[in-house]
Amino acid sequence: MANRLRLGVNIDHVATVRNARGGALPDPVRAAHQAIAAGADGITAHLREDRRHIRDVDMARLAAELTKPLNFEMAATEEMIALAERLKPHAACLVPEKREERTTEGGLDVVGQEQALRPAIARLKAAGCRVSLFIEADEAPIAMAAKLGAPVIELHTGTWCHAVADGHTDKAQAEFARLAKGAAYAASLGLEVHAGHGLDYDTARQLAAVPEFVEFNIGHFLMGEAIFVGLDAALLRMRQAMDEGRGAV
Ligand SMILES: CC(=O)[C@@H](O)[C@H](O)COP(=O)(O)O
Ligand SMILES: NCC(=O)COP(=O)(O)O
C-alpha cells in the first residue's frame, strides 16, 4: 500500500503493571512479540532514568529478540547513549525527561540544547541507530532537527489529544493545524515524520489523513484497550483506524 502508515507499539505500560507487584509478570517482552505477531511494524520502549516501567533487562531482551525494529526512547544522557551503543537498537529516539513528570509533557528543547545534542546524535549514528528527535510541531525545533542531522522527527501529539479529549474544539482545531503544518514543513526539509503521545483510535484516524506522517507510536491507550478486548483486537482496530484515516479502505 502506497504511503502506508507504520504502527509502532509502545509497551512501557505492560511494565508499569508488572512493576506494581515487583515480580516478572506480565512480561513486556512477551507483549512485544505478541504485538509483532498481531501486525505491529515495530516496538517502542522508553527506558527512563528512574526505571519506573521498562528496565535495563527488558531493553536488552528486546534488542536481542525482536524480529521487527526496536525504537529505544531515551533521554540524551551518557548512561543511555552508552547503553544504546552497546545494544545497537534499530532506532533511538531522544525525548525530554523530568523525574517528577507523570508522563512526557512536551517535545525536546533541541534549539536550546543544540551543542549538547550534537555529540549524542553523532554517537548514536556511529552505533548504527536511526536517530529520531521527539519535538514540538514548530518551525524552530523542526529546522534545528534537520540542522542537527537527525533523519527522523516524532511530533508530540499530546497537547492536541488532550484538547480533543477535553472537548476544547477551537484548541483542538488549532493544534491539528499546527501538527499538519509542522509535518509538511518537516517533510519539505527531507525529514521522516512520525507522531506520538496520547493517540487513541479517533485521533489516530484523524491524524492519519495528514499524508506526511510515516509512523505513529502508540502505547498507553492500546495497552489500556488490551485489558478489555485483548492486545490482538486492540492492534487490529488501531490498524483499521489508521488505514481508514489514510483513505486506504
Ligand atoms: C515520548 C512519549 O510520548 C512516550 O513515548 C513516552 O514513553 C511517554 O512516557 P511514559 O511511557 O513514561 O508515559
Ligand atoms: N512516542 C510516543 C509513544 O511511544 C507512545 O506514547 P503513548 O501512546 O503511550 O502516549
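If Ile36 passes every condition in (1) of a type outside the set (S, T, N, Q); (2) under 30 Å from Ala208 (Cα atoms); (3) touching a helix residue (DSSP H, G or I) at 6+ places or on another chain (Cβ under 7 Å) but one, which one does it miss?
So the condition that Ile36 fails would be (3).
Scan the stretch 3-21 and give yes if some residue there is modelled with pLDDT under 95 and open to solvent by 10 Å² or more (accessible area, probe 1.4 Å), otherwise no. Don't jump to the end; show me each part of the working.
Applying the first criterion (modelled with pLDDT under 95) to the stretch 3-21 yields 3-4.
When the remaining residues are screened for being open to solvent by 10 Å² or more (accessible area, probe 1.4 Å), the result is 3-4.
Scanning the stretch 3-21 turns up at least one residue that is modelled with pLDDT under 95 and open to solvent by 10 Å² or more (accessible area, probe 1.4 Å).
Suppose we keep only residues that are within 16 Å of ligand 2 (Cβ to nearest atom) and either under 14 Å from the mean Cα position of the chain (by Cα) or over 10 Å from Leu87 (Cβ atoms) (or both) within the stretch 57-73. Which one would you say is most open to solvent (accessible area, probe 1.4 Å)? Break it down stepwise before answering.
First, pick out the residues of the stretch 57-73 that are within 16 Å of ligand 2 (Cβ to nearest atom): 58-59, 62, 66, 68-73.
The next check asks that each one be either under 14 Å from the mean Cα position of the chain (by Cα) or over 10 Å from Leu87 (Cβ atoms) (or both); those that pass are 58, 66, 68-73.
Values: Asp58: 2, Leu66: 29, Lys68: 79, Pro69: 52, Leu70: 9, Asn71: 10, Phe72: 1, Glu73: 17 Å².
The extreme case among them is Lys68.
Show the residue pairs that are 6+ apart or on different chains and have beta-carbon atoms under 6 Å apart, the first residue being within the stretch 36-56 and open to solvent by less than 40 Å² (accessible area, probe 1.4 Å), the second being among the small types (Gly, Ala, Ser).
That search, which allows pairs on different chains as well, returns Gly42/Gly8; Ile43/Ala32; Thr44/Gly8; His53/Ala15; Ile54/Ala15; Ile54/Ala45.
Among (1) open to solvent by less than 10 Å² (accessible area, probe 1.4 Å); (2) β-branched (Val, Ile, Thr); (3) touching a Lys or Arg at 6+ places or on another chain (Cβ under 8 Å), where does Ile218 come up short?
Just one mismatch for Ile218, condition (3).
Here are Leu124, Leu66: which of them is more than 28 Å from Ala233 (Cβ to Cβ) and at pLDDT 95 or above? Talk me through it step by step, then tell me what you get.
Working: Leu66 fails: more than 28 Å from Ala233 (Cβ to Cβ).
Step by step, each of Leu124, Leu66 is checked, and only Leu124 is more than 28 Å from Ala233 (Cβ to Cβ) and at pLDDT 95 or above.
Quick check, is Glu192 touching a Pro at 6+ places or on another chain (Cβ under 7 Å), open to solvent by 20 Å² or more (accessible area, probe 1.4 Å) and within 30 Å of Ala126 (Cα to Cα)? Steps first, please.
Values: touching a Pro at 6+ places or on another chain (Cβ under 7 Å): yes; open to solvent by 20 Å² or more (accessible area, probe 1.4 Å): yes; within 30 Å of Ala126 (Cα to Cα): yes.
For Glu192, the condition - touching a Pro at 6+ places or on another chain (Cβ under 7 Å), open to solvent by 20 Å² or more (accessible area, probe 1.4 Å) and within 30 Å of Ala126 (Cα to Cα) - is met.
Residues checked against (1) away from ligand 1 (no atom under 16 Å from the Cβ); (2) part of a strand (DSSP E or B); (3) among the small types (Gly, Ala, Ser); (4) open to solvent by 10 Å² or more (accessible area, probe 1.4 Å):
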position	(1), (2), (3), (4)
Pro119	yes, no, no, yes
Ala143	yes, no, yes, yes
Ala146	yes, no, yes, yes
Ala150	no, no, yes, no
Leu155	no, yes, no, no
Ala180	yes, no, yes, yes
Thr203	no, no, no, no
Pro211	yes, no, no, yes
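Okay, residues lined up against (1) in contact (Cβ under 8 Å) with a residue 12 or more places away in the chain; (2) open to solvent by 20 Å² or more (accessible area, probe 1.4 Å):
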position	(1), (2)
His90	yes, yes
Val110	yes, no
Gln115	no, yes
Leu124	yes, no
Val131	yes, no
Asp138	yes, yes
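The values are calculated or read from the model by the stated rules, or taken from the named source; none is laboratory data. Since we're looking at a predicted model, the values are computed, not measured. Here Cβ is always computed from backbone atoms with ideal geometry, including for glycine, and neighbour counts include all displayed protein chains. Surface accessibility is based on the protein's heavy atoms, side chains included, excluding ligands, DNA and RNA. Shrake-Rupley method; radii C 1.70, N 1.55, O 1.52, S 1.80 Å.
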